[in-house]
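Here's the structure, in structure tokens; my notes come after.
The values are calculated or read from the model by the stated rules, or taken from the named source; none is laboratory data. Everything numeric here is computed off the predicted structure, so don't read it as measured data. When we count neighbours, we look across all protein chains shown, and the Cβ atoms used for this are built from the backbone with ideal geometry, even at glycine. For accessibility, only protein heavy atoms count, side chains too; no ligands or nucleic acids. Shrake-Rupley method; radii C 1.70, N 1.55, O 1.52, S 1.80 Å.
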Amino acid sequence: QDRQGFMWFGTGEGLNRYDGHSFVVYRNDPKEPGSLSHNFIRTVFEDDQGYLWVAAYPGINRFDPRTERTTRYLHDPKNPKSFSGDSLASVTADSRGHLWFATLDSGLDMFDPTTETFTNYRNDSAGQFVGWVRRVIEDKRGEIWFVGDHGLFHVNVQTGQVTGPAPIIPGLALYDVYDDGHGDFWLLASSPIFGLVKYNRQSKRFTAYP
């Protein structure tokens with residue numbers, strides 16, 4: 001639900017707006033560059049400016065509900081400051097005005113609206129690919145964390161370094177993360193544990209609730 005009260009639904013056949021009585025459907029038009037890049041919508045996120053960030057496949061669309069026009073952000077192999085991949089799992093915004101994109105093929109991307117450029121976080125501090133990223137959050141301290149099929153990671157925005165907490169559970173694959181505000185993360189795991197996992201950042205310990 002956006003700030004105007006409209007409900008937005010991402011479907012396999014376009015972006016749907018519901019006003020309580022009827023639907024308006026926005027789809028890709030090959031002849032119109034201001035339309036969505038594709039009709040298969042994975043997720044929708046409203047930023048502080050009222051724009052909707054619509055994850056299609058491929059690419060990201062910044063949709064303006066006021067003009068009903070879209071700005072497309074697609075991967076350009078010749079431009080390292082472009083969106084890094086094709087497939088997006090989730091979107092969030094931080095307190096600094098940046099947008100974060102969890103991708104399923106190229107790690108984590110940060111978007112700076114002032115420069116219209118992307119920064120890609122593909123590898124951790126050991127040089128290893130971080131894998132599929134499912135969810136990214138800003139915690140209560142303003143720090144960035146993300147989870148995926150290679151576990152839980154922290155992003156140092158100042159240095160660009162990506163690290164995982166230790167001790168880590170070997171083979172830990174995660175789908176979601178929630179900051180409870182008391183110093184703990186609650187994680188949804190799919191391997192090798194199937195269920196809920198708590199991570200205490202003070203003691204750096206994991207507790208599994210299979």
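Some notes on this structure:
- Accessible carbon and sulfur surface of region 139-200 relative to its total accessible area, %, 1.4 Å: 57 percent
- Calculated FRET value between Asn79 and Val24, using beta carbons and R₀ = 35 Å, to 0.05: 0.55
- With every protein chain in place, region 1-58: carbon and sulfur % of accessible area (1.4 Å): 47 percent
- Under Karplus coefficients 6.51, -1.76 and 1.60, residue-wise ³J(HN,Hα) of region 119-136 in Hz, glycine/proline x: 10, 9, 10, 9, 10, 7, 5, 8, x, 8, 4, 6, x, 5, 10, 9, 8, 10
- Backbone phi angles across region 45-55, fed through the Karplus curve with coefficients 6.51, -1.76 and 1.60 (θ = phi - 60°), yield HN-Hα couplings of 9, 9, 8, 5, 8, x, 6, 9, 9, 10, 8 Hz in residue order; Gly and Pro are listed as x.
- Across region 8-19, rounded Karplus estimates of 3J(HN,Hα) from the backbone phi angles (6.51 cos²θ - 1.76 cosθ + 1.60, θ = phi - 60°) give 10, 10, x, 10, x, 10, x, 9, 10, 10, 10, 9 Hz, Gly and Pro being marked x.
- Accessible area (Å², per residue) of region 64-210, counting only protein heavy atoms and a probe of 1.4 Å: 51 Å²
- Cα gyration tensor, region 1-48 - rounded (a/c under 1.5), prolate or oblate: prolate
- Asn200-Lys31 FRET efficiency (beta carbon distance; Förster radius 35 Å; 0.05 resolution): 0.05
- Alpha carbon centroid spacing (whole Å) that separates region 10-72 from region 127-157: 26 Å
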